[in-house]
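To start, the structure itself, in structure tokens.
The values are calculated or read from the model by the stated rules, or taken from the named source; none is laboratory data. Keep in mind the model is a prediction, meaning the values are calculated, not measured. Because the Cβ atoms are built from the backbone with ideal geometry, glycine has one as well, and the counts that use them run over all protein chains shown. Ligands, DNA and RNA are excluded from the accessible area calculation, which covers all protein heavy atoms including side chains. Shrake-Rupley method; radii C 1.70, N 1.55, O 1.52, S 1.80 Å.
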Amino acid sequence: DSANEPDPAAALARIRKTYRAGDTDLAWTRLTNWRLQLAAALDQVDESPVTAIEVEGASDSPSTILLAAWLTLFLEAPVQIVADPAGTGIRRVRLSRATGDVQLVRPGLTIAELTQPGQPAQRISLPRRSLRDCLAEELRRLDPDDVFGEVITMGLPRTNSKE
């Protein structure tokens with residue numbers, strides 16, 4: 001769990017350099033619900049490409065870095081990580097598009113607001129995940145997480161994270 005390391009960004013860099021199929025990080029597992037919500041939101045809008053990505057989260061959060069790496073890798077758009085105070089977790093993701101931005105904002109610990117072009121804002125339950133939930137998810141998965149492997153090895157270098 002890179003979130004428990006003194007320097008989470010350096011921990012991600014070490015994971016990247018030594019990565020082998022089957023490796024994982026609970027900081028990645030904490031992102032499952034964020035990734036689900038963002039993927040679902042993009043399925044609901046027109047196919048206008050994402051031209052820029054902004055991920056705002058705690059300066060000490062490896063999950064913020066991993067989310068930025070996943071988004072830039074799979075949406076093929078430049079990403080900017082905006083650092084919030086330590087201990088605050090992920091706060092906001094904005095996907096810029098010519099036809100209107102998609103934005104997911106979680107100002108507190110449990111409720112997020114999703115805004116997308118042509119639709120009213122939606123309030124979504126998006127609580128921080130407990131260690132118990134993350135471990136249960138990882139134990140259900142017995143095969144290597146290929147997406148995590150791609151994100152850590154190819155997406156991470158495409159972020160503005162300090163290694």
Among the residues of segment 64-81 satisfying the criterion of being touching a strand residue (DSSP E or B) at 6+ places or on another chain (Cβ under 6 Å) and small (Gly, Ala, Ser), which is nearest to VAL147 (Cα to Cα)?
ALA68
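Taking only segment 42-72 into account, find how many residues are among the polar types (S, T, N, Q) and open to solvent by 20 Å² or more (accessible area, probe 1.4 Å).
Kept after step one, since they are among the polar types (S, T, N, Q), are these residues of segment 42-72: 44, 48, 51, 59, 61, 63-64, 72.
Next cut, open to solvent by 20 Å² or more (accessible area, probe 1.4 Å) only: 44, 48, 51, 59.
Going through segment 42-72 one residue at a time, the tally reaches 4.
Table: residues versus (1) assigned to a loop (DSSP other than H, G, I, E, B); (2) within 21 Å of TYR19 (Cβ to Cβ); (3) open to solvent by less than 50 Å² (accessible area, probe 1.4 Å); (4) modelled with pLDDT under 95.
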position: ARG123; (1), (2), (3), (4): no, no, no, no
position: PRO127; (1), (2), (3), (4): yes, no, no, yes
position: LEU135; (1), (2), (3), (4): no, yes, no, yes
position: GLU138; (1), (2), (3), (4): no, yes, yes, yes
position: LYS162; (1), (2), (3), (4): yes, yes, no, yes
Say we look at segment 73-108 and pick out the residues that are open to solvent by less than 20 Å² (accessible area, probe 1.4 Å) and in contact (Cβ under 8 Å) with a residue 60 or more places away in the chain; which of these is farthest from the chain's Cα centre (by Cα)?
VAL102
Inspect segment 24-34 for any residue being loosely packed, with under 14 Cβ neighbours inside 10 Å and hydrophobic (A, V, I, L, M, F, W, C) and give the result as yes or no.
no
Of all residues in segment 33-72, how many are in a strand (DSSP E or B) and either without any contact (Cβ under 8 Å) to a residue 12 or more places away in the chain or farther than 19 Å from ILE15 by Cβ (or both)?
6
